[in-house]
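Structure first, commentary second.
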Amino acid sequence: MCSPRIMNFVNKELSRRNLFKMAIVGSAAAAAAASLPRASAQATMNQIDVSNVVDLSHRLHSGFPMWPGTASPEKETVVTVKDNGFYGNIWKIWEHTATHLDAPAHFIEGGTTADNIPIENFIAPIAVIDIEKKVEDNADATLDIEDIAAWESTNGLLPDRAVVMMYSGWEKRVNDADAFINTDSDEVMHFPGFNPEAAEFLVKERNITGIAVDTLSLDPGNSTTFGTHIAVLGAEKWGLENVANLKSIPEAGATLIVGVLKNKDASGGPVRLMAVWG
Ligand SMILES: [Zn+2]
């Protein structure tokens with residue numbers, strides 16, 4: 001792998017990038033850029049207050065709790081800086097691993113695949129609905145219509161195009177796969193999710209972009225019918241599972257940015273989620 005030709009290319013590429021960096025900080029280049037329409041968008045981007053940004057993704061690794069029967073991610077290191085001059089891995093990853101997106105196609109024949117979801121649907125106002133208290137003595141607790149009503153009585157109607165994010169406190173178990181999956185002696189899983197009636201309410205009575213959970217599934221672990229998946233994905237909305245850090249963001253007023261790979265025909269995929277607010 002480490003042929004002199006490749007190393008030559010790497011070195012050339014590095015010095016080319018340094019030259020490029022120097023060029024863009026040069027005043028002549030800046031003045032030229034300012035005359036382009038893109039420059040005004042850049043100026044706006046620089047004004048975003050990044051002090052309020054929270055990473056809502058868990059780290060993806062081979063020990064992450066997996067849905068029973070699905071394969072854990074595999075990483076093979078194929079080159080290292082020491083031996084080859086550059087570092088890289090080959091990954092083999094089930095699309096529904098760690099913090100990830102469920103595209104409509106995951107449950108719906110002919111539904112939209114991840115690569116075809118319009119990019120604007122990956123930016124949405126956040127509503128965090130906290131059901132942790134209900135979960136303390138009931139692992140099968142669900143996010144119900146009453147919980148949505150309670151959020152709205154405090155914060156007003158769900159914003160247009162909202163992503164409704166369930167916080168159950170379940171992520172405290174994420175480093176213990178058995179506790180996170182929580183399977184009983186009859187092979188039934190027990191963890192919180194959206195009540196399918198609440199999911200139906202959201203897609204019919206409110207204008208949402210998607211829903212999210214801090215557990216393995218949009219549906220509660222003991223579901224056999226996956227009514228929430230079908231209601232949400234069937235309405236061409238998306239879902240996010242195994243979301244992190246929802247306790248660290250405001251229950252209203254933040255914006256979610258979803259970064260997912262544009263893999264052709266994907267049913268979903270691991271995501272980097274960012275919550276930002278001013
Ligand atoms: Zn999934």
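The alpha-carbon positions of segment 153-275 define a convex hull whose volume is 129 Å³ per residue. Residues 90, 108 in ascending order of nearby Cβ atoms (within 10 Å, fewest first): 90, 108. Straight Cα distances below 20 angstrom link residue 247 to the lysines 133, 134, 172, with same-chain residues fewer than 8 positions distant left out. Backbone geometry of segment 261-278 corresponds, through the Karplus equation with coefficients 6.51, -1.76 and 1.60 at θ = phi - 60°, to 3J(HN,Hα) couplings of 5, 9, 6, 4, 6, 6, 7, x, x, x, 10, 9, 10, 10, 9, 10, 7, x Hz, x marking Gly and Pro. Can you give me the distance in nm between label points at residue 136 and residue 154, each placed 7 Å from the Cα along the Cα-to-Cβ direction? Taking the two extended label points, one gets 1.5 nm. For segment 197-250 versus segment 102-138, the inter-centroid distance based on Cα atoms is 5 Å. For segment 251-258, the Karplus equation 6.51 cos²θ - 1.76 cosθ + 1.60, evaluated at θ = phi - 60°, returns couplings of 6, 9, x, 8, 10, 9, 10, 9 Hz by residue, with Gly and Pro reported as x. Charged neighbours of residue 65, selected by a Cβ distance under 10 Å, balance to -1 (K, R count +1; D, E count -1). Measuring between alpha carbons in the structure, the pairs from 82/264; 204/262; 75/264 lying more than 24 angstrom apart are 82/264; 204/262. Note on 171, 146: ascending count of other Cβ atoms within 10 Å places them as 146, 171, the fewest first.
Read-outs: derived from the displayed coordinates by stated rules, not from any lab. These figures come from a predicted structure and were not determined experimentally. So basically every Cβ, Gly included, is an ideal-geometry build from the backbone, and we count neighbours across all protein chains shown.
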